[in-house]
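Written below as structure tokens is the structure these notes are about.
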Amino acid sequence: MKKKQIEAIPFGEKKVHILGDCLVIDGKTIARKQNARVCIRGTEFANYVEGEGWNQRMIGYWSSDPFRLETDLVQEEQDVVDKFFDDMEEWPEWERKSDLKGKIVTMQEEVNKRKWDRAWARRRKKVMEHIKEIRPMSGKMRQWIENQMPAYVFYRTEKKESRAICCHCGGEAVYDRREHPIRHNQRGTCPCCRKKIIFKSAGRQQKEVDKMRFVRFRKTKYGVAAIESAVQKISKAGEREELRVGDAYIWFIEDDYVLYEEERGRGSCWSDAGAYGTGNYPHGTARIYKGGLKQAIKGSTIQYSGIDVVADWRNPKEKWEKILRAYAYQPQIEKVIKAGMKRLARELDSYERFLKEGKKLQEVLGITREQMKMARDNDIGKKGISIMRQDPDNKLSLEEIYAMELATYRLAELKQYTTIRKICTYLMKGNDAGTWLDYLRMAERAGYNMKEKAVLFPGKLQKRHRDLIEEIEIKESRAKEQKWQERRPEFLKYKYKTKNYTIVVPETLQDITEEGKRLHHCVGTYIDKVIKGETDIVFIRQIGEEEIPFYTMEIRGAEVIQYRGAYNNNNGNPVPESVKKFVKGFENTILRKIRKAA
């Protein structure tokens, strides 16, 4: 589109211009009445506003930010526009519209669709070119996969013999129950192929499915590619095992170009991550295949990442991608990996700069040489290193560091109950520091002997914590009830009765709670105030129905504060005049007498 040439056309009486294969229609913007023109051709469209410049907003009916233009064409100009659209071969016949706006909208949508199709074709071409660089798995690799996964022998026992069939080799064996008794899930060795196996009783279990993910590294013309594959091995009684392996995720590391298999491991529908990434698609955690790894990364950007050392750790769920992305921003991670600090290497993130600049490990960690030795020999993680950085004089012992790492800010209070070493030992068993401290506080409040081992270190912390909560709630409710019974005689002064209504004093605190539940209001929350003497609660009942909740009344300082019925009288049930009259009589007789006595 020749924008300079279009801008040079003066706005005047002529509203339609043809510049080669481009149609230009002049008009005015609806909002500001500015001179503007719509320009469209078979492959693109744009709008020009005098004094503002160019934009690519659609005139479309459904556009979120439409370009609104009003035009006033004479018949000759309308005929030119119609001929332009009629001559366009790219415009599908069935999409043609009769009105000018409809014609422009349809053409703009067609242009956008073709742009999207071309972009999609380029993306697909790029995807397929990268996929061609990925070689299929070798027989050696498949053999390695089989060795990483368990094999099974299914057996059936009849009388004195157990007949077994190995799913790996298909060999059969007969075991005498008296000389060689075998049990379900027992480990052993297949007598035919000598492979380590697990016995499975065919009467109890007919099928076993094992899953695994592994990643291999290969050199391509686009740089090093990390290919993560999904593996599924199906073992059935009486049949040979079936191994299903499919590439699921590919990362071309130098270009940071990611492909993922949309059918999760079938290898038939590859897509790039695009603008939205891979979402929750599982990737980045797998066993690392060492075959060809050093040759693949040699001379690449990850040659000194230490990923070949990580492969020697033989973790079936290694965070390989997280480690490599952290290396891109913190190349010092190589020293951490080669020092064998597995925990720290797995905890580092690409978005943070936890490691410091330096040539030596202690400089990279930001701690002293003595602390570095302690951290390296005991595989201390990120939290532990952070604690060490705040202890430049190296006064903290290993147990104290572990305890501070597990207990965090709760350590100071936990030390009031026991020693650092015992805190560390107890928390390293998997007990939560917050739950434990809450339990200890409650136990002390409940009057337990805080020197007894069984009290300080309960075997089942979560259960003991729940039990103690219930125990304290029962004790507190009993204590509250006792205080209420001590106060209750004071409420007898509120006794008042008429022909229709009477005042009833609650027998127990539970009566107040039930009153709130049945009348659907919040009187149950007033219990603590009643016990402390800050307010008084009594019930208004109908004569002959003293057990049925009717109205609740609050009294404070010999004054009626409020009286409420069901749903606080906000549900189309206003207070009856008879109730208002009863409360007025109560105030004029009982409460007036109380005020005079005071």
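The values are calculated or read from the model by the stated rules, or taken from the named source; none is laboratory data. Because the structure is predicted, anything quoted here is derived from the model rather than measured. Cβ sites come from the backbone with ideal geometry, for glycine too, and all protein chains shown count toward neighbours. Heads up: the accessible areas ignore ligands, DNA and RNA and are worked out on the full protein's heavy atoms, side chains in. Shrake-Rupley method; radii C 1.70, N 1.55, O 1.52, S 1.80 Å.
Assorted remarks:
- Failed condition for residue 58, given (1) open to solvent by less than 20 Å² (accessible area, probe 1.4 Å); (2) touching a Pro at 6+ places or on another chain (Cβ under 7 Å); (3) aliphatic (A, V, I, L, M): (1)
- Per-region count, segment 120-139, residues within 32 Å of the chain's Cα centre (by Cα), within 15 Å of residue 260 (Cβ to Cβ) and among the hydrophobic types (A, V, I, L, M, F, W, C): 2
- Cβ separations smaller than 7 Å between residues 6+ apart or across chains give the following pairs from segment 368-387 residues that are more than 15 Å from residue 338 (Cβ to Cβ) to residues that are buried (at least 20 other Cβ atoms within 10 Å of the Cβ) and among the small types (Gly, Ala, Ser): 384/375; 385/375.
- Of note, residue 343 satisfies the criterion of being open to solvent by 10 Å² or more (accessible area, probe 1.4 Å), within 19 Å of residue 375 (Cα to Cα) and not in a loop (DSSP other than H, G, I, E, B).
- The lone exception for residue 379 - which of (1) touching a Pro at 6+ places or on another chain (Cβ under 8 Å); (2) exposed (fewer than 15 other Cβ atoms within 10 Å of the Cβ) it fails: (1)
- Within the option set 105, 111, 153, 127, being in contact with a Gly (Cβ under 6 Å, 6 or more places away or on another chain) and either over 30 Å from residue 81 (Cα atoms) or open to solvent by less than 60 Å² (accessible area, probe 1.4 Å) (or both) holds for one residue only, 105.
- Of the residues making up segment 254-304, those that are assigned to a loop (DSSP other than H, G, I, E, B), modelled with pLDDT of 85 or more and open to solvent by 30 Å² or more (accessible area, probe 1.4 Å) number 12.
- Pairs meeting the criteria (first residue in segment 22-43 and at negative phi and open to solvent by 70 Å² or more (accessible area, probe 1.4 Å), second residue part of a loop (DSSP other than H, G, I, E, B) and modelled with pLDDT of 90 or more, beta carbons under 7 Å, at least 6 apart or on different chains) are 28/34.
Yes/no matrix, rows are residues, columns are (1) farther than 19 Å from residue 113 by Cβ; (2) modelled with pLDDT of 90 or more; (3) in contact with an Asp or Glu (Cβ under 6 Å, 6 or more places away or on another chain); (4) in a strand (DSSP E or B):
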{"site": "7", "(1), (2), (3), (4)": "yes, yes, no, no"}
{"site": "17", "(1), (2), (3), (4)": "yes, yes, no, yes"}
{"site": "23", "(1), (2), (3), (4)": "no, yes, no, yes"}
{"site": "26", "(1), (2), (3), (4)": "yes, yes, no, yes"}
{"site": "39", "(1), (2), (3), (4)": "no, yes, no, yes"}
{"site": "43", "(1), (2), (3), (4)": "no, no, no, no"}
{"site": "46", "(1), (2), (3), (4)": "no, yes, no, yes"}
{"site": "54", "(1), (2), (3), (4)": "yes, yes, no, yes"}
{"site": "66", "(1), (2), (3), (4)": "no, no, no, no"}
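- The one condition from (1) open to solvent by 90 Å² or more (accessible area, probe 1.4 Å); (2) under 30 Å from residue 577 (Cα atoms) that residue 466 does not meet is (2).
- Pairs meeting the criteria (first residue in segment 152-167 and in a loop (DSSP other than H, G, I, E, B), second residue among the basic types (Lys, Arg) and surrounded by fewer than 24 Cβ atoms within 10 Å (Cβ to Cβ), beta carbons under 8 Å, at least 6 apart or on different chains) are 160/177; 160/178; 167/236; 167/240.
- Those residues of segment 346-376 which are under 22 Å from residue 285 (Cβ atoms), open to solvent by 50 Å² or more (accessible area, probe 1.4 Å) and part of a loop (DSSP other than H, G, I, E, B), in sequence order: 351
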